[in-house]
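Read the structure below first, then the notes.
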Amino acid sequence: MQSEIQTLLLFAIQLCLKSKEIISKNNKQIETKENVTDLVTLTDKAVEDYIITEIKKKYPHHLFIGEESLRQEFTDQPTWIIDPIDGTTNFVHSFPYFCVSIGLCINKEPIVGVVFNPLQNQLFYAGKNLGCYLSNDQFKDIGDGKKLFSTGDLPTSLSHTLVLTEYGASKQQDILQLKLDNIKRVIDTARGIRSVGSAAMSMALIAQGVADLYYEYGTHCWDICAGVVLVRESGGIVEGVNSEFGLMKRNLVCMRGGNGDYKVLKEFNSLMVHIDYPSD
Ligand code: IPD
């Protein structure tokens, strides 16, 4: 299984790197989905088409869940979960936090994750029990990247914690109010709060250990699947807010790895008022 995961990981890395050619054409022609914040560009669609076509050639029996096109049933079968551009609004504005995000689940467990930010030339990748690494588009082999494994002391309270979160695209007023109330309680308590505009990039930053905790209500499985592998393989943990983690559950909180325990999560969870979303 181990070398199989390695083969699948290498394949996913090549797909992410190749996508840069499509992204570099910079086609930002927009289609609005739900509202002015929920965008898709022709580049998102072209990248997703490219990735799915290549996987189908190599693994014809594998299944897919893609943000922009194919959403097959989530079963125990190998299933690729793809966000061709996570952080589409950032892509449209050239704000340098967007990425291609490819995850693979087997038996519903994320086992391969690749997050590639083409503007900053950062390639994050991880495979179950293979570790998590940071490299660039000169990538040659898995072990060549910088191994990400957070060993610093974990914060013991939120007052020492740098938190990442996202507001999501929904403009539904009751949901927005609950999100803002949660965010206010975090701002009141935590050392700092940041928002980079991409769930997958946020999880990569947690894996890198440059922020401590990321949470969001309203995520979809394609925003977070690859990031789950990155965070876990870098020594961190992924949970649901006040609950067990579920890829389809539309909320998560994750923390970087390090020395100490995760008691700060208890403090964080106590601040959160649940926001109900229909599962993916
Ligand atoms: C979105 C971004 C955003 C997050 C949303 C995602 P998209 O993905 O990751 O930061 O708040 O939950 O849907 O639409 O840019 O691919």
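Nothing in this text is a laboratory measurement; each read-out follows from the coordinates by a stated rule. Nothing here was measured: the structure is a model prediction, and the numbers come from that model. Because the Cβ atoms are built from the backbone with ideal geometry, glycine has one as well, and the counts that use them run over all protein chains shown.
In whole Å, what is the distance between the alpha-carbon centres of region 84-102 and region 173-202?
Going from one Cα centre to the other spans 19 Å.
Determine the percent antiparallel among the DSSP beta bridges restricted to region 128-279, to the nearest 5. Write out the running numbers ahead of the final one.
Details: 11 of 18 bridges.
Here the antiparallel bridges make up roughly 60 percent for region 128-279.
Under 17 Å from the 7 Å Cα→Cβ point of residue 181, by amide nitrogen: which residues of region 265-280?
What the label zone holds, given the 17 Å backbone N cut-off, is 269-277.
Could you put 97, 167, 125 in order, starting from the residue whose Cβ has the fewest other Cβ atoms within 10 Å?
So the ranking, lowest neighbour count to highest, is 167, 97, 125.
For region 1-53 and region 117-134, what is the separation of their C-alpha centers, rounded to whole Å?
If you average the Cα positions of each part, the centres end up 15 Å apart.
Under 13 Å from a point 7 Å along the Cα-to-Cβ line of residue 30: which residues of region 70-103 have their amide N that close?
Under cut-off, by backbone N: 88-95.
Taking amide H positions as placed in the peptide plane 1.01 Å from N, state which residues far from residue 193 in sequence (5 or more) or on other chains have amide H under 5 Å from it.
163
What distance in nm separates the two pseudo spin-label positions at residue 4 and residue 279, each 7 Å out from Cα along the beta-carbon direction?
Output for this residue pair reads 2.5 nm.
By how many nm would the segment from residue 249 to residue 159 lengthen if fully extended, with 0.36 nm per residue of separation less the alpha-carbon distance?
Working: separation 90, 0.36 × 90 = 32.40 nm, distance 2.81 nm.
Gain on stretching residue 249 to residue 159: 29.6 nm.
Identify, among 106, 81, 92, the residue whose Cα sits farthest towards the positive end of the charge dipole of region 46-126, taking +1 on the Cβ of Lys and Arg and -1 on the Cβ of Asp and Glu, with the dipole about the Cα centre.
Towards the positive end, the residue furthest out is 106.
Return one quarter of the surface area of the convex hull spanned by the alpha-carbon atoms of the chain, equal to its mean projected area, in nm².
13.5 nm²
Run through region 1-95 and list the trypsin sites (Lys or Arg not before Pro) located in a DSSP loop whose Cβ has at most 11 other Cβ atoms within 10 Å.
On the way: sites: 18, 20, 25, 28, 33, 45, 56, 57, 58, 71; in loops: 25, 28, 33.
Here the sparse-neighbourhood loop sites are 25.
Once label points are set 7 Å from the Cα along Cα→Cβ at both residue 70 and residue 269, what is their separation, rounded to one decimal in nm?
Each label point lies 7 Å from its Cα, and together they span 3.7 nm.
With the Cα gyration tensor of region 158-230 giving a ≥ b ≥ c as the square roots of its eigenvalues, does the rule (a/c under 1.5 for rounded; else a/b larger than b/c for prolate; else oblate) give rounded, prolate or oblate? Write out the running numbers ahead of the final one.
Working: a/c = 2.63, a/b = 1.10, b/c = 2.39.
Oblate shape, in that a/c is at least 1.5 and b/c is the bigger or equal ratio.
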